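Structure, as structure tokens:
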């Protein structure tokens, strides 16, 4: 059935967020706000050693301590709820990671939980943790990914026989031939530093088992409540329909909360065993040493370049540092494999080869964080391209544009099917916004005054709408994804949408309502989005990977389509017209060309529920549950940074950043710009401020926020954002997904700007973060090189 | 991350506080603004049995400006920052306080607490050293005045004993023609510094340096004066060369510690630049420099 | 090990009476109970968020006698007799958002909303003391509050715009 499409009334508009007032009033309910009769509180005893055998644990005094209800160690939990993690589609290339909820043999990183205390209050639980005596036998620790892969490295998981969790190779085109014959060869080794999503709300879990109905309720600060349910049910040996997962307001996730944590299994297990509700709220020290770090990646890149500056072939070897355990379900491949899959980026090379390795080390497990391995991969590739430009005496932007792919849909050499965009125009637009030629002029003038300005570009293609197709393109298993929404028109013509997507800042309650209101011709505030509770919401794998605008948006297109069809048929019956002759606009269904012959949506809905003239030959329930598993889609963007480096102190000041973003159809420009600004600040943080170093014994050197330094209001740059809108030809609503771009692109822009600023000193940048002390070391080393 | 249990004892007078400290010795800690102590207690890396809460001692909240500037130990950093007396008598202190934490930590954090905590990367102790302040310490045998430079002894260690209380900070009046400067580098925003320099220059009418005081923070286990650098400026015109030479002197002998934010080597390098910048600012303010 | 020895008799719990958002409130606290936990658990003012318990992130900021403070760095017993304001006290009695809250909505100054109460209260204190702040003053005052979502753009815009609006309002009121 074809109904006339009317111009959108809400999609594309800057609608203020309907979710805001509850946060602004302090009324939103986060996990820690959950209070239940008889609630007990858990605290973990965590390993002070990076690698140590547990000879014995004496919890006797702790069990006797005031207010304590239970103390569990590895011996008490055994194999219950054990997490088994692998990539099923790659049995020959990827090992299987096994993690007990509490280890029985040894601790594998500082912060590894070895016992849990449940007490009347968190204070008392921590008191009892102090009373647990562990007889430790410290073992040699491995803190460097490449050293971990060496033959003689201490083995962290004995059953694997070594510390290599995965090794994947890929090659396409005549790599060797092109490298043999190219006019220029370049190599770049880049170490992207360990960072951390660090949502302001730490992790938290509350478990409660209700005997009567036989239902386990788990409140957890997660991005994917349904997948938590699907994972927990078998681990706790419960049927899935007796597990209900509630993700209430979630105080930021950024990928960290799109995995299953041992604590997330253990707390419900305790609730089941004790018959009392149990709460655990992660504290900041736990968050910094034991939740999930990210993006530490060693990238060894090589480029074969023609004498005209054309990029012919890229080779890359990526060694990821997974830490002590595999993030469930992603594994430590989430960084190296995503980086490798995007080695070609937006460049039209002829051959590519990559290797991706995952090393196990005695550090905090590494997991997904907004932009995952695309971020370090982008930083490494773009830093290499700036090196190439300098070596060839070419302008870095012009060299990039020369090598940029066509803006038409096409396939990358690693097999990503780009759906077209503004790859060249985004770069040109960024240059225009910077007033590039004059900026270069200013840079020269300032250099004469001993001031060092630098300009860095970072254009990229960004996957959006992570689901089966994009997962496959990134080398992950993706037979099929189940992401659905339910749309129901209530008797008063208000509309309820349920979904297992989960907003933790993205504004779903607003953006998705815009889509539905337009599709059904109802007022925006007639639509309500319900999510965050597996009871009564349609199944979805959650919100991550820049997917909700695409995947939920697409599912909504289909579900609202069903309902439109029904409304039109019912109206056609009443109006005695052919459904094909009807149009739905401004809240009314009317005969095309004859507006006098029309019904309001409310009248049609009333007819469907209880009206006299309801047709008898069609199914009239005004509800539809539809899923959507989109094809691959890719946004593109160009980020540019202008920085000034103080060569005496090493301080980097970002004068300005510019973002040109093309994410296809924009649902709500205010939310899109908010996502860009927020992601960008995270990228700036990774590039310039945040570090999670370890000493040689594997002690974390940034266990509090005094050492792990988020960017503050004083550290984020003035920002100009421009949009190019190239709707996706393949997704249901033209949206491409864009939540991660700033985090993917900003570090490369910052790295290149700093390198550009320091180019008079012969400095090349090959790591993050670029903190003041690191900048001065670069300058010192360059001075020493030039002396030698 | 919750503090271990303790007994909370509020005291209304210095004498009461001293009585508690005598009774509990090393098991007691003094609670002033709590902005340094409570984070450590929350981490359980400090676990006093008795917390002697001196917040009710109102006599320690006074700011007196009778010739020299006298700050009671319980003067909140925010109050000192707002104080006209501090601005006019010790403008360096006002400048430095702006770099100390944030509105919400300054509202509780006290001058005395910052002094007693003796964090080598804190700004306030270095400023007090540059200002040649004296720290009044009271014990059972009465009050003694300790020059700031000898008060700060090592990281988190001061000349005050377990049974003594920091009660006042005395900042002497500045010389008549005097400029001040402060420069620091921090990992971000207004965090604790990596390194910094606080300088005072007394300048003749003919723009010659009569005396110089330079104190550095973040480059040793305590704030340190740069005596050679100070001597090198005495009697000299404050041109760029003189300032650079002094800065080199100031940084030359340092052997700063390394930590997660920066290596010792970096701190030495950056100290030179920071001293030069702080001196240049001081020279400009004092009317003696370019 | 001496550090972990018990401290002898158990510390006594104390009755804490104070004024929060203009209302007399009371609760029981052992001496070590952080003010943040007291407000959240005893008084159920769960708009007070806890982000680090080190005084760094600013999520737990409340106003104490009009000044912003970290409630995670004060013990509840220290707040006896104090006058506190939390985010729950910002909206008008009719439930309407105050101009600062509205401005946060209008300028997309929040995403996940976890840091928002701390920012609102810090900004409120700023605007009380400095009704017409520069962009730099706003950034300075808010530098002790962490937001991981917005990149601060919307927050700085929101405070600047609220300041301007309050200023205009104040001006017109002054004229009548």
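The values are calculated or read from the model by the stated rules, or taken from the named source; none is laboratory data. Please read all numbers here as calculations on a predicted model, not as lab measurements. Cβ: placed from backbone, ideal geometry, glycine included. Neighbour counts: every protein chain shown.
When every residue of region B:115-124 is checked against the conditions, at least one turns out to be more than 27 Å from residue B:202 (Cβ to Cβ), more than 14 Å from every other protein chain (Cβ to nearest Cβ), part of a loop (DSSP other than H, G, I, E, B) and in contact (Cβ under 8 Å) with a residue 12 or more places away in the chain.
Being more than 9 Å from every other protein chain (Cβ to nearest Cβ), crowded, with 23+ Cβ neighbours inside 10 Å and more than 17 Å from residue C:112 (Cα to Cα) narrows it down to one residue among A:75, A:59; which is it? Before you say what the answer is, go through the steps one by one.
Details: A:75 fails: crowded, with 23+ Cβ neighbours inside 10 Å.
Step by step, each of A:75, A:59 is checked, and only A:59 is more than 9 Å from every other protein chain (Cβ to nearest Cβ), crowded, with 23+ Cβ neighbours inside 10 Å and more than 17 Å from residue C:112 (Cα to Cα).
State whether the residues of region A:44-52 include one that is assigned to a strand (DSSP E or B), within 14 Å of chain C (Cβ to nearest Cβ) and touching a strand residue (DSSP E or B) at 6+ places or on another chain (Cβ under 6 Å). Reasoning before the result, please.
We begin by selecting, within region A:44-52, every residue assigned to a strand (DSSP E or B); these are A:44-46, A:52.
Now narrow it down to the ones that are within 14 Å of chain C (Cβ to nearest Cβ): A:45.
Those left that are additionally touching a strand residue (DSSP E or B) at 6+ places or on another chain (Cβ under 6 Å): A:45.
Yes, there is a match, as at least one residue in region A:44-52 is assigned to a strand (DSSP E or B), within 14 Å of chain C (Cβ to nearest Cβ) and touching a strand residue (DSSP E or B) at 6+ places or on another chain (Cβ under 6 Å).
For region B:77-103, a tally of residues being out of contact with any helix residue (DSSP H, G or I) (no Cβ under 7 Å at 6 or more places or on another chain), more than 21 Å from residue B:217 (Cα to Cα) and either surrounded by 24 or more Cβ atoms within 10 Å (Cβ to Cβ) or within 11 Å of chain C (Cβ to nearest Cβ) (or both) returns 2.
Select, from A:552, A:572, the only residue that is in contact with a helix residue (DSSP H, G or I) (Cβ under 9 Å, 6 or more places away or on another chain), surrounded by fewer than 24 Cβ atoms within 10 Å (Cβ to Cβ) and not in a loop (DSSP other than H, G, I, E, B).
Numbers: A:552 fails: surrounded by fewer than 24 Cβ atoms within 10 Å (Cβ to Cβ).
Step by step, each of A:552, A:572 is checked, and only A:572 is in contact with a helix residue (DSSP H, G or I) (Cβ under 9 Å, 6 or more places away or on another chain), surrounded by fewer than 24 Cβ atoms within 10 Å (Cβ to Cβ) and not in a loop (DSSP other than H, G, I, E, B).
The set of residues in region C:78-94 being within 14 Å of chain A (Cβ to nearest Cβ) and in contact (Cβ under 8 Å) with a residue 40 or more places away in the chain consists of C:84, C:85, C:86, C:87, C:88, C:89.
So for region A:5-12 (the condition being out of contact with any strand residue (DSSP E or B) (no Cβ under 6 Å at 6 or more places or on another chain) and either under 29 Å from residue B:2 (Cα atoms) or within 11 Å of another protein chain (Cβ to nearest Cβ) (or both)), does at least one residue qualify? Explain how you work it out, then say what you get.
Taking region A:5-12 first, the residues out of contact with any strand residue (DSSP E or B) (no Cβ under 6 Å at 6 or more places or on another chain) are A:5, A:7-12.
Filter once more, keeping what is either under 29 Å from residue B:2 (Cα atoms) or within 11 Å of another protein chain (Cβ to nearest Cβ) (or both): none.
No - not one qualifying residue is present in region A:5-12.
Of the set (1) within 14 Å of the chain's Cα centre (by Cα); (2) buried (at least 21 other Cβ atoms within 10 Å of the Cβ); (3) within 7 Å of chain A (Cβ to nearest Cβ), all apply to residue C:100 but (3). Any residue in region A:69-80 that is touching a strand residue (DSSP E or B) at 6+ places or on another chain (Cβ under 8 Å), at pLDDT 95 or above and in a loop (DSSP other than H, G, I, E, B)? Looking through region A:69-80, none of the residues is touching a strand residue (DSSP E or B) at 6+ places or on another chain (Cβ under 8 Å), at pLDDT 95 or above and in a loop (DSSP other than H, G, I, E, B).
Yes or no: residue A:698 surrounded by 20 or more Cβ atoms within 10 Å (Cβ to Cβ), more than 30 Å from residue B:271 (Cα to Cα) and more than 14 Å from chain C (Cβ to nearest Cβ)?
Details: surrounded by 20 or more Cβ atoms within 10 Å (Cβ to Cβ): yes; more than 30 Å from residue B:271 (Cα to Cα): yes; more than 14 Å from chain C (Cβ to nearest Cβ): yes.
Taking the combined requirement at face value, the residue satisfies it.
Selection over region A:446-492 of residues that are touching a strand residue (DSSP E or B) at 6+ places or on another chain (Cβ under 9 Å), in a helix (DSSP H, G or I) and over 12 Å from residue A:632 (Cβ atoms) gives a count of 2.
Residues being surrounded by fewer than 24 Cβ atoms within 10 Å (Cβ to Cβ), in a helix (DSSP H, G or I), at negative phi and without any contact (Cβ under 8 Å) to a residue 40 or more places away in the chain are entirely absent from region A:278-288. Residues in region A:276-297 that are more than 14 Å from every other protein chain (Cβ to nearest Cβ) and either within 15 Å of residue A:206 (Cβ to Cβ) or touching a helix residue (DSSP H, G or I) at 6+ places or on another chain (Cβ under 6 Å) (or both): A:276, A:277, A:278, A:295, A:297. With respect to the conditions (1) in a strand (DSSP E or B); (2) more than 14 Å from chain A (Cβ to nearest Cβ); (3) in contact with a helix residue (DSSP H, G or I) (Cβ under 9 Å, 6 or more places away or on another chain); (4) in contact (Cβ under 8 Å) with a residue 40 or more places away in the chain, residue B:202 lacks only one, and its number is (3).
Being more than 26 Å from residue C:162 (Cβ to Cβ), part of a helix (DSSP H, G or I) and in contact with a strand residue (DSSP E or B) (Cβ under 6 Å, 6 or more places away or on another chain) holds for only one residue in C:77, C:16, and it is C:77. The criterion of being within 12 Å of chain C (Cβ to nearest Cβ), under 18 Å from residue C:57 (Cβ atoms) and either crowded, with 24+ Cβ neighbours inside 10 Å or touching a strand residue (DSSP E or B) at 6+ places or on another chain (Cβ under 9 Å) (or both) does not hold for residue A:704.
Quick check: anything in region C:28-37 more than 9 Å from every other protein chain (Cβ to nearest Cβ), part of a strand (DSSP E or B) and over 30 Å from residue A:669 (Cβ atoms)? Yes, region C:28-37 contains a residue that is more than 9 Å from every other protein chain (Cβ to nearest Cβ), part of a strand (DSSP E or B) and over 30 Å from residue A:669 (Cβ atoms).
Taking the condition without any contact (Cβ under 8 Å) to a residue 12 or more places away in the chain and under 27 Å from the mean Cα position of the chain (by Cα), does residue A:411 pass?
On the way: without any contact (Cβ under 8 Å) to a residue 12 or more places away in the chain: yes; under 27 Å from the mean Cα position of the chain (by Cα): yes.
Spelling it out, residue A:411 is indeed without any contact (Cβ under 8 Å) to a residue 12 or more places away in the chain and under 27 Å from the mean Cα position of the chain (by Cα).
Applying the condition of being buried (at least 24 other Cβ atoms within 10 Å of the Cβ) and over 15 Å from residue C:119 (Cα atoms) to region C:67-77 and asking which residue is farthest from the other protein chains (Cβ to nearest Cβ) yields C:76.
Just one of the listed residues (A:412, A:406, A:366, A:341) is over 20 Å from residue A:473 (Cα atoms) and at pLDDT 95 or above, namely A:366.
Of all the residues in region C:51-66, those that are within 7 Å of another protein chain (Cβ to nearest Cβ) and crowded, with 24+ Cβ neighbours inside 10 Å number 9.
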